[in-house]
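Here is the structure we will look at.
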Amino acid sequence: MKKIEKFLEKYFMPLAVKLGSYKALAAIRDGIVLSMPLIIIGSFFLILGNLPIPNYDEWLAGLGGIDEHMTHVVNSSFGIMGLISVFGIARSYANSFNVDGVSAGIIAISAWLVLTPNIPNDDLGEGVPVTYLGSRGLFVAIVVGLLSAYIFQKIVNKDIIIKMPEGVPPAVSKSFAALIPGAVILIGAFLIEFVTTKLGVENIHDLLADVLSGPMSILGGTVGGAIVVAMLNSLFWFAGIHGGNMVGSVMNPILLINTDANRLAFQAGKELPNIITSPFFDMFVYIGGGGATLALVTIIMFASRSQRNKSVGGVAFVPGIFNINEPAMFGLPIVFNTTFLIPFILAPMVNVLITYFSMSSGLVPRTNGVAVPWTMPPIISGFLATNSIRGSILQIVLIAIDILIYYPFFRVVDKNYLKEEQEGTTEN
């Protein structure tokens, strides 16, 4: 166990710290998170428009076509994550260089729109395809957001800006300060769009998706990749670093794209294309948080003999139900507690395998694209994520299996704590 701790401290901790210091990864994470409230709100409308009740869709259609209006809300919230993300990524990245993030974000939106193909309409004029406002435009949103913010801060930090006299309102000064970097960025976007079009590239969104989705789908679309993601998440958490933030910076884009593809198929009544999505991990792999620790805090709550574990169980159980596991992580602790290293890594990996094959075989429906809040308790979240009671049953099975995985290791820890308490009482 000591050798494992020394290995992690020597090789894994420096890697984790280095990854966490990359401003670009943090900007991608924070920028995409900016769209999460809209995604969750849109998901509620998606649920209400597709409840698994016989003849429910006909009943909704008979209410003045309210189902079409609910779909419009979904497309106007869930369906604009690309537009929101390009602003959020650029703003976050520019802020990390101590320049005006809002101006950088606004310019990034404009550059992103320049690179997005328009739909001509004789009556209404040109329009932006809804397809690229959502997850389909996320890859370009990441690249444009980072690149435009980087150019923006370079020009501003070199003081190549228009300065206004003292006494001019700050909002006006910021607007004029953004003129030169904004012009450079938009001219660059114009040239890229013009050249690529002349080279026969009809759509830079599809081009970039084809280039990037292949390598990323290895992690985001295969069971082997999902197992690696679950393992890395646990290792980061074990080292005391927020695994969700570290792994999510890389994985969230592809998982959100998979989730949205399922949402579109679900709305259209088609077969759901993806098994591995954001709800796949949030609702079925990380039950109770990173490491699938709801099973562990349940054991601690109801099977502890030592007073130390009983105290931790009383504090950690309720948050664990809502997938908040910091009390267990740092109170038990799990962080750098090598006794729990094996189950902490093994439980989510087993959850990946069971969930994947349950969904691929058709025993449990695939996640339907609904972005269930990660704090939603299990059983409820399983039903919402799959639109089926079988999703809830799968969660119960996973928790039971996780309990079996954690229990032997918990017994070792609890016996040691109890022995220490008894020896302390004797000495007193």
task = Filter region 38-90 down to residues that are part of a helix (DSSP H, G or I) and either closer than 17 Å to Leu256 by Cα or open to solvent by 40 Å² or more (accessible area, probe 1.4 Å) (or both), then give me how many there are.
result = 35
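How many of the residues making up region 159-185 are in contact (Cβ under 8 Å) with a residue 40 or more places away in the chain and either of a type in the set (Ser, Thr, Tyr) or in a loop (DSSP other than H, G, I, E, B) (or both)?
2
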message = So the check is Cβ under 7 Å with 6+ separation or different chains; which pairs have a first residue in region 186-201 that's touching a residue at least 12 places away in the same chain (Cβ under 8 Å) and a second one that's open to solvent by 50 Å² or more (accessible area, probe 1.4 Å)?
response = Leu186/Val114; Ala189/Val114; Phe190/Val114; Glu193/Val114
query = Out of the residues in region 143-163 that are touching a Phe, Trp or Tyr at 6+ places or on another chain (Cβ under 9 Å) and open to solvent by 70 Å² or more (accessible area, probe 1.4 Å), which is farthest from Ala26 (Cα to Cα)?
reply = Lys163
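Yes or no, residue by residue, for (1) surrounded by fewer than 24 Cβ atoms within 10 Å (Cβ to Cβ); (2) part of a helix (DSSP H, G or I); (3) in contact with a strand residue (DSSP E or B) (Cβ under 6 Å, 6 or more places away or on another chain):
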{"residue": "Phe284", "(1), (2), (3)": "no, yes, no"}
{"residue": "Ile287", "(1), (2), (3)": "no, no, no"}
{"residue": "Ile300", "(1), (2), (3)": "no, yes, no"}
{"residue": "Lys310", "(1), (2), (3)": "yes, yes, no"}
{"residue": "Phe330", "(1), (2), (3)": "yes, yes, no"}
{"residue": "Val335", "(1), (2), (3)": "yes, no, no"}
{"residue": "Ile342", "(1), (2), (3)": "yes, yes, no"}
query = When you look at Thr355, is it in contact (Cβ under 8 Å) with a residue 40 or more places away in the chain, open to solvent by less than 60 Å² (accessible area, probe 1.4 Å) and farther than 30 Å from Gly221 by Cβ, yes or no?
reply = no
key: Filtered residue count, region 113-140, keeping only those that are touching a helix residue (DSSP H, G or I) at 6+ places or on another chain (Cβ under 7 Å) and free of Cβ contacts under 8 Å to residues at least 60 places away in the same chain   = 3
remark   = Of those in region 359-411 that are among the aromatic types (Phe, Trp, Tyr) and within 30 Å of Ile32 (Cβ to Cβ), the residue least open to solvent (accessible area, probe 1.4 Å) is Phe383
message = Anything in region 312-328 that is part of a loop (DSSP other than H, G, I, E, B) and surrounded by fewer than 20 Cβ atoms within 10 Å (Cβ to Cβ)? List them, or say none.
response = Phe322, Ile324
query = Taking the stated definitions as given, is Leu19 open to solvent by less than 80 Å² (accessible area, probe 1.4 Å), aliphatic (A, V, I, L, M) and at pLDDT below 75?
reply = yes
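The values are calculated or read from the model by the stated rules, or taken from the named source; none is laboratory data. Keep in mind the model is a prediction, meaning the values are calculated, not measured. As a convention, Cβ positions derive from the backbone with ideal geometry for all residues, glycine included, and neighbour counts pool all protein chains shown. Side chains included, ligands, DNA and RNA excluded: accessible areas come from the protein's heavy atoms. Shrake-Rupley method; radii C 1.70, N 1.55, O 1.52, S 1.80 Å.
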